[in-house]
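The next block holds one structure in the form of structure tokens; read it before the comments.
Only the coordinates and a few stated rules stand behind these numbers; no lab work does. No experiment lies behind these values; they were computed from the predicted model shown. Ideal geometry is used to build each Cβ from the backbone, glycine not excepted, and the neighbour counts take in all protein chains shown.
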Amino acid sequence: MIPESPVRRVVYLGRKIDLALQSVQLSDGTTEEREVVLHRGAVALVPMVDENHVCLVRNDRYSIGKTLLEVPAGTIDVGESPDETAARELAEETGYQAGRIVRIREWFVSPGVMNERMFLYLCTDLQPGPTRPELDERLEPVVVAWSEAMAMVHDGRIEDAKSLLALLLYDRLRTEESG
């Protein structure tokens, strides 16, 4: 049984994550501590430049030593709502301002070890502007045809899980709306 409000002992405070130890009762009745990554949550965006083109970003990911093609995304700042984060991250990473931002879905990223919740948004009626990446980000916006984005999802050129899920979920919505 999972307690309503788990008691966690924070052992590390970071810029984007904290690490805590949480007591967990095992099936044999004993108790052990487990590591839990605490995260404020994040947004992922599907910015549709027009009906058939999406803006992705090339993102240098130092944690894996590789540049990935991803949907724009970012961490929710303290005191910020996911809706506010979506508009901010869209402008920072792509330069676009959206006339319309709609929440599509939300999910837990990796509930076995962390509490991060990801909020997915569709961004439309885009107007271009300058990007404003954070100092530790190396991003390049890339506009691709929707059909090419789907090909990249299916052939492995898009390797990031949030991007795969975001694009597949929105593709399903597109199919439902047109059919």
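Taken about its Cα centre, the chain carries a charge dipole of about 200 debye when Lys and Arg each add +1 at the Cβ and Asp and Glu each add -1 at the Cβ. Just check the stretch 8-111 against the gyration tensor rule for me: Cα atoms, a ≥ b ≥ c as the square roots of the eigenvalues, rounded for a/c under 1.5, and otherwise prolate or oblate depending on whether a/b exceeds b/c. Because a/c hits 1.5 or more and a/b exceeds b/c, the stretch 8-111 counts as prolate. Give me the angle, in degrees from 0 to 90, between the Cα long axis of helix 146-155 and the longest principal axis of the Cα atoms of the chain, rounded to the nearest 10. Orientation of helix 146-155: about 40 degrees from the principal axis. Once the Cα-Cα distance is subtracted from the 0.36 nm per residue extended length, the residue 168 to residue 155 segment shows a gain of 3.4 nm.
For the stretch 158-171, backbone phi angles converted through the Karplus equation (6.51, -1.76, 1.60; θ = phi - 60°) give residue-by-residue couplings of 9, 10, 7, 4, 5, 5, 4, 5, 4, 5, 5, 5, 5, 4 Hz, Gly and Pro being listed as x. Each residue, residue 17 and residue 102, gets one label point 7 Å from its Cα in the Cβ direction; the gap between the two is 3.3 nm.
For the stretch 1-84, a simple Cβ point-charge model (Lys and Arg +1, Asp and Glu -1, everything else neutral) yields a dipole of about 400 debye relative to the Cα centre. With the largest listed first and rounded to whole Å, the semi-axes of the equivalent ellipsoid of the stretch 139-179 from the Cα gyration tensor are 19, 12, 10. Along its principal axes, the chain has C-alpha extents of 56, 40, 31 angstrom, given from the largest down.
The alpha carbon gyration tensor of the stretch 98-179 gives principal lengths a ≥ b ≥ c with a/c below 1.5, which makes the shape rounded. Using C-alpha pairs below 8 Å separated by at least 6 residues, the relative contact order for the chain is 22 percent.
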